[in-house]
Amino acid sequence: MKIYLATGNKNKKKEMVELLPEHTIVIPSDEGIDFDPEETGTTFYENSLIKAKALYEIVHCPVIADDSGICVDALNGAPGIYSSRYAGPDFMKGKPDGSKISQEEQNIFLISQLNEALKQENLPKAEYLNGKRSCHYTCAMVLYMGADRIVIAQETFEGTLIDDINQQAGSGGFGYDPIVYLPQYNKTVAEITAEEKNAISHRGKAVKIIQKILKNL
């Protein structure tokens, strides 16, 4: 089945091709489609649905969209849905002019911001705080086949944020992966193989749910 993936991120396409080898995965830029919807949602699910619906109205074929990000528990889940726009503690939701900083700068800022919160002992009293440096990725994935045919899956992927930017490691994955440590592997997310990541990641687990639906279509 040909499935459109509502993203311009080629790294996400690569992961989805690996996760859904039985389907043909296409992103808008593959077919010269101008696609950049405004993500005005306040949750991962809302933004995922916005993207899925916007692309479906162009292609009128099955669309998968996901919205994902890193949530640092001691920072009350920030940067969360603003992970790609995050520009440090002064610009938690992104810069006013819409410009983005490099991933390296984002990684440095996030570690520094967590370290400062821990130094000030400014921690939320929440059940999800699993150790002072705990964090998790969240992925909300939507399979959109029309206004009345929608499947939603939301999953998480837990780890801890490294202590110092000099501890970042690995060249695999993308985004914040080099600074998210997995105790069970004694490696960062960027150090494990693509197969290992796809088996346990937020996106990998969400895809497994969507995959079961696709098999029955």
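The values are calculated or read from the model by the stated rules, or taken from the named source; none is laboratory data. Predicted model, so just to flag it, every value in this text is computed and none were measured. Note: ideal-geometry Cβ built from the backbone for every residue, glycine included; neighbour counts use all protein chains shown. Each accessible area value is taken on the protein alone, full model and side chains, heavy atoms only, with ligands, DNA and RNA left out. Shrake-Rupley method; radii C 1.70, N 1.55, O 1.52, S 1.80 Å.
Is there any pair with a first residue in the stretch 100-112 that is of a type in the set (S, T, N, Q) and a second that is part of a helix (DSSP H, G or I) whose Cβ atoms are under 7 Å apart and which are 6 or more apart or on different chains, and what are they?
Asn107/Ile165; Asn107/Pro178; Asn107/Ile179
Go through the residues of the stretch 165-182 one by one and say whether even a single one is at pLDDT 95 or above, over 14 Å from the mean Cα position of the chain (by Cα), β-branched (Val, Ile, Thr) and more than 30 Å from Val59 (Cβ to Cβ).
For the stretch 165-182, residues at pLDDT 95 or above, over 14 Å from the mean Cα position of the chain (by Cα), β-branched (Val, Ile, Thr) and more than 30 Å from Val59 (Cβ to Cβ): present.
Looking at Tyr56, is it within 30 Å of Arg133 (Cα to Cα), open to solvent by 20 Å² or more (accessible area, probe 1.4 Å) and assigned to a helix (DSSP H, G or I)?
When the stated conditions are applied, Tyr56 does not pass them.
When you scan the stretch 181-215, how many residues do you find that are among the hydrophobic types (A, V, I, L, M, F, W, C), part of a helix (DSSP H, G or I) and more than 22 Å from Ala65 (Cα to Cα)?
Residues flagged as among the hydrophobic types (A, V, I, L, M, F, W, C), part of a helix (DSSP H, G or I) and more than 22 Å from Ala65 (Cα to Cα) within the stretch 181-215 amount to 2.
Given the conditions (1) within 24 Å of Ser112 (Cβ to Cβ); (2) within 15 Å of the chain's Cα centre (by Cα); (3) modelled with pLDDT under 95, report the number of the one that Asn198 does not fulfil.
Unmet condition: (1).
Filter the stretch 186-217 down to residues that are over 19 Å from Thr156 (Cβ atoms) and in contact with a strand residue (DSSP E or B) (Cβ under 7 Å, 6 or more places away or on another chain), then give me how many there are.
Qualifying residue count for the region: 1.
Just to be sure before I move on: is Val17 at negative phi and surrounded by 15 or more Cβ atoms within 10 Å (Cβ to Cβ) in the structure I sent?
It is false that Val17 is at negative phi and surrounded by 15 or more Cβ atoms within 10 Å (Cβ to Cβ).
Report yes if some residue within the stretch 116-128 is out of contact with any helix residue (DSSP H, G or I) (no Cβ under 7 Å at 6 or more places or on another chain), of a type in the set (Lys, Arg) and either touching a residue at least 60 places away in the same chain (Cβ under 8 Å) or open to solvent by less than 20 Å² (accessible area, probe 1.4 Å) (or both); otherwise report no.
no
Among (1) farther than 22 Å from Ile210 by Cα; (2) surrounded by 18 or more Cβ atoms within 10 Å (Cβ to Cβ), there is one condition Gly32 misses while meeting the rest; what is its number?
(2)
Identify the single condition in (1) open to solvent by 40 Å² or more (accessible area, probe 1.4 Å); (2) modelled with pLDDT of 95 or more; (3) touching a helix residue (DSSP H, G or I) at 6+ places or on another chain (Cβ under 6 Å) that Phe109 does not satisfy, given that it satisfies every other one.
Of (1) open to solvent by 40 Å² or more (accessible area, probe 1.4 Å); (2) modelled with pLDDT of 95 or more; (3) touching a helix residue (DSSP H, G or I) at 6+ places or on another chain (Cβ under 6 Å), only one is false for Phe109: (3).
Taking into account only those residues within the stretch 141-180 that are open to solvent by 70 Å² or more (accessible area, probe 1.4 Å) and not in a loop (DSSP other than H, G, I, E, B), which is nearest to Met1 (Cα to Cα)?
From the stretch 141-180, those open to solvent by 70 Å² or more (accessible area, probe 1.4 Å) are 147-149, 152, 154, 158, 163, 166-167, 171; that's our starting set.
From what is left, the residues that are not in a loop (DSSP other than H, G, I, E, B) are 152, 154, 158, 166-167.
Details: Ile152: 19, Gln154: 23, Glu158: 32, Asn166: 44, Gln167: 42 Å.
Here the residue is Ile152.
Can you say whether Val26 is closer than 27 Å to Thr193 by Cα, in contact with a Lys or Arg (Cβ under 7 Å, 6 or more places away or on another chain) and not hydroxyl-bearing (Ser, Thr, Tyr), as far as the supplied structure shows?
For Val26, the condition - closer than 27 Å to Thr193 by Cα, in contact with a Lys or Arg (Cβ under 7 Å, 6 or more places away or on another chain) and not hydroxyl-bearing (Ser, Thr, Tyr) - is met.
Among the listed residues Ala87, Ala74, identify the single one that is modelled with pLDDT under 95, open to solvent by less than 40 Å² (accessible area, probe 1.4 Å) and more than 19 Å from Leu143 (Cα to Cα).
Only one candidate passes the filter, namely Ala74.
Out of all the residues in the stretch 13-50, which are in a helix (DSSP H, G or I), free of Cβ contacts under 8 Å to residues at least 60 places away in the same chain and either more than 23 Å from Asn216 (Cα to Cα) or not β-branched (Val, Ile, Thr) (or both)?
Within the stretch 13-50, Lys13, Lys14, Pro28, Ser29, Asp30, Glu31, Glu46, Ile50 meet the criteria.
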